[in-house]
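To keep things clear, I will list the structure first and then write my remarks on it.
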Amino acid sequence: MLERLGGLSPKTRWAILIAACAVFFFAWFVRVPLTEIDETRFTESSREMIESGNWVIPYCNYEPRYRKPIGFYWVQAAAMKTFGNNEVAARLPSAVSATALVLMMYGFLLGKLAGEAESKKRAGGAAFLASLALVVCPLVAVYARAAVTDHVLTLFITGALLSILNADLATDRKSIRRWYMLAGISAGLAFLTKGPQGLVIPGAVWFLYHASRRNLMNAAKSVPWASTIGLFVLVAAPWYVATYVVDGPAFLRWFFLRENVARYSSTMEGHGSNNPLRVFITPLMSILLMFPVSAYVLNELARPFGGATDAKTDTLARMRRFAIVWLVVVVGIFSISKTQLPQYVMSIIGACGVLFAINLLGRFSIENNRARWGETAIISIVGLGYGFLLLKVLQRGDATVKLPAMPFPQPITTIVLISGIVLALAVAVGAIVLGSMRKQSVAWTISVWSLFMAVFVLGVLPIWVRSAYMPSVRVGEYLRTLPKGVTVVSNTKKNSESLYYYAERRVESARQSDPKTLGKLRAMLQKTGKLAVVTDDHGAEGLKSLGRVAELRRFGKIVVVGVSK
């Protein structure tokens with residue numbers, strides 16, 4: 001298989017990769033609203049940045065937002081200013097970054113494997129298949145379609161780490177210097193995008209990799225520290241300094257102490273746990289979200305070089321060691337953190353691509369073609385798990401598949417879900433049937449999983465998202481038409497932050513569960529004389545104690561009422 005893939009012309013391989021990225025990252029067949037809470041917060045902050053012209057301090061719902069640095073907002077705001085204030089433009093930076101990441105991995109692997117395999121076609125095939133498989137990993141494909149910072153951050157961290165690895169593999173001082181300088185620039189961009197992890201992850205991987213090779217002192221002597229650090233500071237520092245000049249220490253204090261130290265040492269916004277068993281959650285999520293590549297990465301960790309000792313070369317051994325350290329550092333850091341989210345481990349994408357490519361070279365270079373039971377078990381369990389997940393969605397028959405705002409008629413929705421179930425089960429059955437034949441198992445798993453992910457990201461996800469968030473879009477668009485002098489309040493059981501973006505105006509929050517809500521609303525009414533409150537029938541009844549209540553517009557269970565003295 002690798003020989004056939006490597007036999008394709010270079011232009012054909014690049015074109016296939018770009019086409020795959022276009023389908024999985026860029027294609028939108030229906031309008032898919034922004035999800036809460038991160039997509040809405042980032043996109044609204046970028047919209048307000050364009051509206052106000054303030055490109056230094058981000059604002060969300062017209063209040064300073066100190067949670068993240070400016071890097072992603074600049075990129076997202078530029079996309080929205082160019083392509084319009086819409087969901088596709090807001091998600092464009094993630095799609096472009098994911099595409100750049102895949103193409104960068106392919107270029108790196110192609111260059112490094114070509115001189116290490118007994119056949120250039122086999123090396124080209126391994127680089128191509130490893131990069132193509134990354135496209136269909138849920139961690140890559142799903143977040144490439146989300147208006148969040150993680151893919152932009154991952155691109156910069158991966159660029160820094162691949163530059164460090166290239167420096168280690170380089171043989172002349174000029175190349176080493178150039179690669180380290182590029183690593184400094186990439187780390188600076190990562191620091192500007194998400195903060196300390198843009199420096200901590202590349203720094204920890206560099207240190208532990210060379211410590212494991214017992215050449216730390218020699219490696220340190222080869223680093224052009226002055227130029228590398230200088231470039232890092234030149235890229236990362238000016239905006240942080242600007243925040244202090246414009247807004248004092250508020251951002252620096254909140255971001256570094258709360259968003260980094262506190263987030264790592266305690267659970268925030270319900271993400272994570274204080275349970276010591278949480279250390280197992282991140283590794284398990286990494287396996288699920290990097291599937292199917294994760295199955296072969298685990299095989300590579302258990303059987304170096306795909307079980308073929310004759311495939312080992314010094315360059316491949318160093319690449320393998322570096323990728324393992326990279327994997328351990330990222331998973332280790334976020335396993336210990338008390339606040340945990342699936343996308344925190346996104347920086348392992350590059351490490352998984354390297355290990356999978358090395359595994360492919362060894363796997364396809366030996367006569368012993370039998371797979372290990374562990375690999376077959378992982379593939380079948382994950383396939384069954386995803387199939388069971390979609391089956392439960394189909395069986396629920398609740399708002400997920402029945403709201404009037406659905407993009408497809410009910411029969412088509414059912415067909416999409418059943419197609420996903422069938423494909424997920426086909427992965428599991430194929431792994432069991434072909435488990436004794438390693439080459440055929442790889443081909444079956446990646447090809448069928450690619451079809452499953454196409455159904456998932458183009459069909460299942462739009463169904464979920466539209467059914468959950470389209471009502472917020474309709475409410476927000478209505479609120480946009482109200483006079484500017486009317487105070488808009490969200491008075492629901494759970495605050496809908498997507499209203500911030502779709503209303504394009506400030507939305508006050510007054511949750512029904514808060515015992516101080518009526519007092520807060522009464523104070524607002526005394527100040528402004530009229531409120532437009534987004535609530536439900538139960539909430540509307542409770543508002544009658546404030547004054548006259550009139551229904552303005554109804555959206556299913558959601559009602560917008562006018563409250564006046």
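The values are calculated or read from the model by the stated rules, or taken from the named source; none is laboratory data. In this text, all values refer to a predicted model and were calculated from it rather than measured experimentally. Every residue, glycine as well, gets a Cβ built from its backbone with ideal geometry; the counts of neighbours run over all protein chains shown. Note: areas computed on protein heavy atoms with side chains; ligands, DNA, RNA excluded. Shrake-Rupley method; radii C 1.70, N 1.55, O 1.52, S 1.80 Å.
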Among Ala19, Ala183, Val135, the residue whose Cα sits farthest towards the positive end of the charge dipole of the chain (+1 at Cβ of Lys and Arg, -1 at Cβ of Asp and Glu, taken about the Cα centre) is Ala183
Which order do Trp254, Trp28 take when ranked by solvent-accessible area (1.4 Å probe, heavy atoms of all protein chains), largest first?
Trp254, Trp28
What figure in square angstrom, to the nearest 10, would you give for the accessible area of His538 with a 1.4 Å probe?
140
Work out, step by step, the length gained on full extension between Ile281 and Arg318: first 0.36 nm times the residue separation, then minus their alpha carbon distance; give nm to one decimal.
10.4 nm
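Rank these by accessible area, largest first, 1.4 Å probe: Ile157, Ile432, Ile18, Ile185. Write down the numbers at each step before the final one.
Values: Ile157 0, Ile432 110, Ile18 85, Ile185 60 Å².
These residues rank, largest area first, as Ile432, Ile18, Ile185, Ile157.
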Using the alpha-carbon centroid of each, what span in Å lies between the range 14-52 and the range 523-548?
35
Bridge orientation stat for the chain from DSSP, antiparallel percent rounded to 5, came to 70
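For the range 442-557, what does the accessible surface come to per residue with a 1.4 Å probe? Please give it in Å².
Details: 5430 Å² over 116 residues.
For the range 442-557, the solvent-accessible area averages 47 Å² per residue.
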Rolling a 1.4 Å sphere over the protein heavy atoms, what is the accessible area per residue of the range 24-94, to the nearest Å²?
36
Cα gyration tensor shape of the range 74-193, rounded if a/c is under 1.5, else prolate or oblate by comparing a/b with b/c:
oblate
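Please report, in debye to the nearest 20, how large the charge dipole of the chain is about its Cα centre when each Lys and Arg carries +1 at its beta carbon and each Asp and Glu carries -1 there. Working shown, then result.
On the way: 62 positive and 32 negative charges, 71 e Å.
Taking the Cα centre of the chain as origin, the dipole is about 340 debye.
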For the range 111-179 and the range 278-346, what is the separation of their C-alpha centers, rounded to whole Å?
15
Distance from the Cα centre of the range 213-252 to that of the range 67-85, in angstrom?
24
Residue-wise HN-Hα coupling along the range 298-310, computed from phi with Karplus coefficients 6.51, -1.76, 1.60 (Hz; x: Gly, Pro):
4, 4, 5, 5, 7, 10, x, 6, x, x, 10, 5, 6
Extending each Cα 7 Å along its Cβ direction at Lys557 and Glu477, get the distance between those two points in nm, one decimal.
2.2
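In what order, largest first, do Tyr240, Tyr73 sit by accessible area if the probe radius is 1.4 Å? Can you show the working numbers first?
Details: Tyr240 20, Tyr73 0 Å².
Descending accessible area places them as Tyr240, Tyr73.
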Considering only protein heavy atoms and a probe of 1.4 Å, how much of the accessible area of the chain is carbon and sulfur, as a whole percent?
65
Nearest-10 value in Å² for the accessible area of Cys21, using the 1.4 Å probe
0
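So what is the 222 nm mean residue ellipticity for the chain from helices alone, if each DSSP H run of at least 4 adds -39500 (n - 2.57) and you divide by all residues, rounding to the nearest 500 deg cm²/dmol? Write down the numbers at each step before the final one.
On the way: 24 runs with 353 residues, N = 565.
Roughly -20500 deg cm²/dmol at 222 nm, from the helical runs in the chain.
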Using Cα-Cα distances under 8 Å and only pairs 6 or more residues apart, what relative contact order does the range 10-131 have, in percent?
23
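Given axes a ≥ b ≥ c from the Cα gyration tensor, I'd like to know whether the range 160-210 is rounded (a/c under 1.5), prolate (a/b larger than b/c) or oblate. Write down the numbers at each step before the final one.
Values: a/c = 3.47, a/b = 1.62, b/c = 2.14.
Taking the square roots of the gyration eigenvalues as a ≥ b ≥ c, the range 160-210 is oblate.
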